[in-house]
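Structure first, commentary second.
The values are calculated or read from the model by the stated rules, or taken from the named source; none is laboratory data. Keep in mind it's a predicted model, so treat the numbers as computed, not measured. So basically every Cβ, Gly included, is an ideal-geometry build from the backbone, and we count neighbours across all protein chains shown.
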Amino acid sequence: MANSYLDISGVSIEFPTPNGPFKALDNVNLKIEKGEFISLIGHSGCGKSTVLNIVAGLYNATQGGVILQGKEVLQPGPDRAVVFQNHSLFPWLTCYENVRLAVDKVMKGKPKAERHEWTEYNLELVHMGHAMHKRPDEISGGMKQRVGIARALSMQPKVLLMDEPFGALDALTRAHMQDSLTEIQAELNNTVIMITHDVDEAVLLSDRIVMMTNGPAATIGEILHVDLERPRERLELADDPTYNHYRAEVLKFLHERHAKKDVPQSTKKATTTTSDAADKKEEDKKDVAA
Amino acid sequence: MLNRSIRFFELTGMNWLIPIANLLAGKNPKAQLNQLLASIGAPLVAFLIFLLLWSTAASNIKTSLGNLPGPSQTWEQFESLVDEHTAARDKEAAFYQRQEDRNAKRIEQGKEPKDIRPYTGAPTFFDQIFTSLYTVFIGFAVATIIAIPVGIICGLNSTIYTGLNPLIQIFRPVSPLAWLPIVTMVVSALYTTDDPFFAKSFITSALTVTLCSLWPTLINTTVGVSTIDKDLINVSRVLRLSWMTQIFKVVIPASLPMIFTGLRLSLGVGWMVLIAAEMLAQNPGLGKFVWDEFQNGSSNSLGRILVAVFVIGIIGFLLDRIMLTLQKSVSHDKTQEIR
Ligand SMILES: Nc1ncnc2c1ncn2[C@@H]1O[C@H](COP(=O)(O)OP(=O)(O)O)[C@@H](O)[C@H]1O
Ligand SMILES: [Mg+2]
């Protein structure tokens with residue numbers, strides 16, 4: 001079989017804990033082609049972020065490994081840009097400076113004017129041209145996430161990794177961001193792995209949805225091919241039977257075959273949701289202000 | 001202009017000046033007056049009550065040096081200290097003038113002019129203030145130069161932190177009074193130049209300040225560095241920033257608010273420690289002024305000591321305000337309230 005663009009093969013990982021090693025992932029296998037959009041979905045705590053971090057090179061697998069374009073991934077690098085859930089912009093830099101930091105790194109040796117132009121281009125791409133000289137604490141959550149995406153795109157990564165990029169946003173902003181991402185994707189055709197807990201988001205954006213079993217020792221449970229024509233229109237799809245079929249498939253996987261049982265996890269989840277809600281209120285205020 | 005001065009008042013923690021600025025700009029005078037009354041009125045009333053309690057208490061407390069001075073006697077002593085200072089300055093000027101006149105005469109007569117001898121009058125109260133400020137800044141600066149790098153290293157490397165932590169915890173609570181004899185002996189043993197640029201007593205007090213004001217900055221820097229958002233560190237790893245870039249572009253800016261919190265505490269500790277060190281070690285400065293007046297035991301002494309107490313307090317307050325302003329200006333989240 002021909003080598004695929006990105007090959008996650010036989011990945012297992014154990015974290016050392018005070019109660020002995022904790023096996024988070026067991027034998028995860030996934031082949032991804034260039035330009036594919038993959039969503040990772042699964043219950044919280046199952047190991048989605050861990051998979052992403054291994055591809056990013058931030059964690060090292062205990063067994064197995066990741067091969068990108070024929071080369072093994074051993075450490076993090078700008079060819080695997082990451083968009084984190086909480087934007088993770090440097091708060092002391094403006095939006096422009098945040099992106100510029102990445103641009104200066106990946107376009108080392110190129111003339112200043114060119115780097116400046118590329119920084120601005122990427123900020124325009126995510127519709128943040130108007131606020132690029134503001135600091136992160138002066139813009140809304142959605143805008144911060146846009147800048148985070150611009151920073152990742154500016155590295156022209158081979159794979160774009162996104163860890164619940166819109167998870168902390170309110171529904172309306174999230175829909176906006178999904179549309180923006182669709183638009184960018186149509187233009188750049190990046191290879192993307194995106195973690196999400198939003199079923200609609202997964203079906204709307206992905207070529208394949210990778211569903212993970214519950215941890216510990218989580219692995220890939222099922223993979224769903226989404227054969228919906230692009231461009232996909234949110235409103236049209238709402239009544240589309242194929243779309244609803246895919247949606248139901250994912251829901252069935254999550255809530256019938258791999259329903260969460262253990263209590264402590266669900267209480268933990270409840271607390272995070274409430275704090276998310278508080279975040280959202282904060283964000284909303286800023287959205288109005290902006 | 002208005003917005004800029006309001007921003008300045010907010011930054012320096014002088015929020016009560018904002019309504020005055022608005023008032024001067026003619027913005028909604030009635031509301032501004034009410035706000036002014038609320039922000040200035042209460043402290044004013046509290047201060048008046050304090051003065052009242054002080055003067056009644058003072059007139060009822062008899063010491064071996066006479067009555068405890070009340071507000072008005074203290075104020076008189078302040079004025080006399082100012083007078084003494086101006087008198088001393090006039091004397092100094094006159095002293096130099098005399099020497100220059102004499103030299104001018106010698107030149108007229110065709111003789112070599114004599115070297116100008118330095119004035120050696122006793123330091124006034126205000127000279128002592130200056131000495132204390134200078135000492136505290138040097139001690140604080142040395143502490144900062146040591147504490148920030150060590151704090152950064154401890155924050156980055158948990159093994160080093162685990163190693164140093166017990167030492168930090170043991171030395172941190174040690175009172176300056178315990179350090180002082182050791183510092184004095186070590187300084188006399190090691191600092192033995194014939195023509196010292198710094199006085200020994202100065203080095204002793206500055207070092208004592210250093211030893212005591214090291215810890216808040218060290219601990220806060222460590223905490224600041226070790227609690228940097230992991231995602232920010234991950235971003236710098238993804239970008240493959242070099243070690244130096246990581247320190248200067250990520251680690252230091254990210255922990256700057258905590259570093260400044262530490263610096264503010266350190267300067268406060270340093271100022272408090274300095275006064276005690278000066279008293280005990282007879283080093284020049286405000287502490288020595290207080291001690292000398294105490295030993296002096298004239299009828300004015302208690303009043304003068306009270307003046308010193310207020311000056312020490314006000315200077316400490318001003319230093320804290322300066323640090324607060326710096327702390328606010330480096331804070332990432334401008335909406336957060338820092339007091
Ligand atoms: N650095 C780590 N050390 C120990 N355990 C970890 C570490 N990172 C993740 N885990 C554990 O691995 C499991 C999967 O975590 P994660 O990948 O963050 O889940 P998800 O992103 O799907 O919510 C969790 O049980 C978590 O506690
Ligand atoms: Mg996660």
Next item on the list: Among residues belonging to the stretch A:230-244 that are surrounded by 12 or more Cβ atoms within 10 Å (Cβ to Cβ) and without any contact (Cβ under 8 Å) to a residue 12 or more places away in the chain, point out the one that is nearest to A:Ser49 (Cα to Cα).
Entry: A:Asn244
Item checked: Some residue of the stretch B:278-300 being within 14 Å of the chain's Cα centre (by Cα), more than 14 Å from chain A (Cβ to nearest Cβ) and β-branched (Val, Ile, Thr) -> no
Item checked: Residue list for the stretch A:212-229, filter: surrounded by 11 or more Cβ atoms within 10 Å (Cβ to Cβ), assigned to a loop (DSSP other than H, G, I, E, B) and of a type outside the set (A, V, I, L, M) -> A:Thr213, A:Asn214, A:Gly215, A:Pro216, A:Thr219
Check: Could we say that A:Leu30 is within 16 Å of ligand 2 (Cβ to nearest atom) and not basic (Lys, Arg) here?
Finding: no
Next item on the list: Collect the residues in the stretch A:1-46 that are within 30 Å of A:Gln178 (Cβ to Cβ), among the small types (Gly, Ala, Ser) and within 15 Å of ligand 1 (Cβ to nearest atom), keeping them in residue-number order.
Entry: A:Ala24, A:Ser39, A:Gly42, A:Ser44, A:Gly45
Checklist line | Residues of the stretch B:220-229 satisfying the condition of being assigned to a helix (DSSP H, G or I) and either within 9 Å of chain A (Cβ to nearest Cβ) or among the aliphatic types (A, V, I, L, M) (or both) | finding: B:Val223, B:Val225
Item checked: Check on B:Asp231, surrounded by fewer than 24 Cβ atoms within 10 Å (Cβ to Cβ), closer than 30 Å to A:Val99 by Cα and in the same structural domain as B:Gly139 (by TED's automatic domain parsing) -> yes
Notebook entry, point to check: Quick one: which of A:Leu123, A:Leu188, A:Leu160 is modelled with pLDDT under 90 and hydrophobic (A, V, I, L, M, F, W, C)?
Noted result: A:Leu188
Check: Looking at the stretch A:52-77, which of its residues are more than 13 Å from ligand 1 (Cβ to nearest atom), closer than 15 Å to B:Arg237 by Cβ and more than 10 Å from chain B (Cβ to nearest Cβ)?
Finding: A:Val73, A:Leu74
Item checked: Matching residues, the stretch A:142-156, being within 14 Å of another protein chain (Cβ to nearest Cβ) and buried (at least 21 other Cβ atoms within 10 Å of the Cβ) -> A:Lys144, A:Gln145, A:Val147, A:Gly148, A:Ile149, A:Ala150, A:Arg151, A:Ala152, A:Leu153, A:Ser154, A:Met155
Next item on the list: Return the pairs, sorted by first residue and then second, in which the second residue is within 11 Å of ligand 1 (Cβ to nearest atom) and in a strand (DSSP E or B), the first residue lies in the stretch A:9-25 and is within 14 Å of another protein chain (Cβ to nearest Cβ), the beta carbons are less than 8 Å apart, and the residues are 6+ apart or on different chains.
Entry: none
Next item on the list: Kindly indicate whether any position in the stretch A:17-27 is in a loop (DSSP other than H, G, I, E, B) and of a type in the set (Gly, Ala, Ser).
Entry: no
Item checked: Top-ranked residue in the stretch A:65-95 [being within 16 Å of ligand 2 (Cβ to nearest atom) and more than 15 Å from A:Met155 (Cβ to Cβ); ranked as surrounded by the most Cβ atoms within 10 Å (Cβ to Cβ)] -> A:His87
Notebook entry, point to check: Any chance the stretch A:119-133 includes a residue that's within 14 Å of chain B (Cβ to nearest Cβ), part of a helix (DSSP H, G or I) and among the acidic types (Asp, Glu)?
Noted result: no
Check: When residues of the stretch A:126-146 are filtered for being among the β-branched types (Val, Ile, Thr) and either within 22 Å of B:Val330 (Cα to Cα) or modelled with pLDDT of 95 or more (or both), how many remain?
Finding: 1
Item checked: Filtered residue count, the stretch A:33-46, keeping only those that are more than 10 Å from ligand 2 (Cβ to nearest atom) and either within 14 Å of chain B (Cβ to nearest Cβ) or surrounded by fewer than 21 Cβ atoms within 10 Å (Cβ to Cβ) (or both) -> 4
Check: A:Ala168 is checked against (1) more than 16 Å from ligand 2 (Cβ to nearest atom); (2) more than 30 Å from A:Asn27 (Cβ to Cβ); (3) assigned to a loop (DSSP other than H, G, I, E, B); (4) not polar (S, T, N, Q) and fails just one. What number does that condition carry?
Finding: (1)
Check: Failed condition for B:Glu337, given (1) farther than 27 Å from B:Lys200 by Cα; (2) assigned to a helix (DSSP H, G or I), with all others met?
Finding: (2)
Checklist line | Residue check for A:Asn98: surrounded by 22 or more Cβ atoms within 10 Å (Cβ to Cβ) and of a type in the set (S, T, N, Q) | finding: yes
Next item on the list: Answer yes or no as to whether A:Ser49 is within 14 Å of ligand 1 (Cβ to nearest atom), crowded, with 22+ Cβ neighbours inside 10 Å, closer than 30 Å to A:Arg247 by Cβ and of a type in the set (S, T, N, Q).
Entry: no
Notebook entry, point to check: Are there any pairs with C-beta distances below 8 angstrom linking a residue in the stretch A:78-92 that is under 11 Å from B:Asn234 (Cα atoms) to a residue that is acidic (Asp, Glu) and within 16 Å of ligand 1 (Cβ to nearest atom), with the two at least 6 apart or on different chains, and if so which?
Noted result: A:Val82/A:Asp163; A:Val83/A:Asp163; A:Phe84/A:Asp163; A:Phe84/B:Asp231; A:Ser88/B:Asp229; A:Ser88/B:Asp231
